Structure formats: structure tokens, C-alpha cells
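FYI, it's all coordinate maths here, none of it is from the lab. Values in this document were obtained by computation on a predicted structure and should not be read as measured data. For neighbour counting, all protein chains shown are included, and Cβ atoms are generated from backbone atoms with ideal geometry for every residue, glycine included.
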Amino acid sequence: MSQIDPFQSHQRGLSSPASRHFPITPADDVDLPLRPRVLRVLTTGTLTLRDEDDQRLTYPVQAGEVLMFSPIGVEASGTTVDLVGWL
């Protein structure tokens, strides 16, 4: 049975639900190959994010948390969690 998408004729916006996801492998000083809209944390620990100004901050995070942040990079140094990006 084929899927019915009643919203296929609507343009997706930033307030629309994500429709794609991908695993993120942290790496120091490496830009993400695809910049996510938001992050979904899969395990509890710490997460070090890099922004457009090359600012790095480490956050304590919980499994299941959704971070409304679109990082340039996820640094390996300081990151102890598994996470995915949503688009």
C-alpha cells in the first residue's frame, strides 16, 4: 500500500516537523558535512558544540533531549554522547 501524504503540496518551513535524520560523528575542528536544523541526544553525557563564530561550549545533556541549535560542528573533545541531526 502506498503512503498518502496530505501535505506534499505544502512548502516545508523552519517550523515544520523534521523529515530527515542522520547520525553525527563528533570530530574536532571539522565542519559537519550537513548542517542540522536541530539535534536529538540519544545518550546522557556532555556535548561540545561549535557555532558560526568558532565558539565552543560544552553542555550537560540528557537522553531524549532535543536541542534547538544548528551547529557548525560537534567537537569530539568534551562530547560523550551519541546524537543525530534532524533536517
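A few notes on this one:
- Geometric descriptor of the chain, per residue, is 116 Å³ (volume of the convex hull of the Cα atoms).
- Take the Cβ atoms of T43 and L14, set R0 to 41 Å, and the FRET efficiency comes out at 0.95.
- For segment 21-86, relative contact order (Cα pairs under 8 Å, six or more residues apart, normalised by length) works out to 51 percent.
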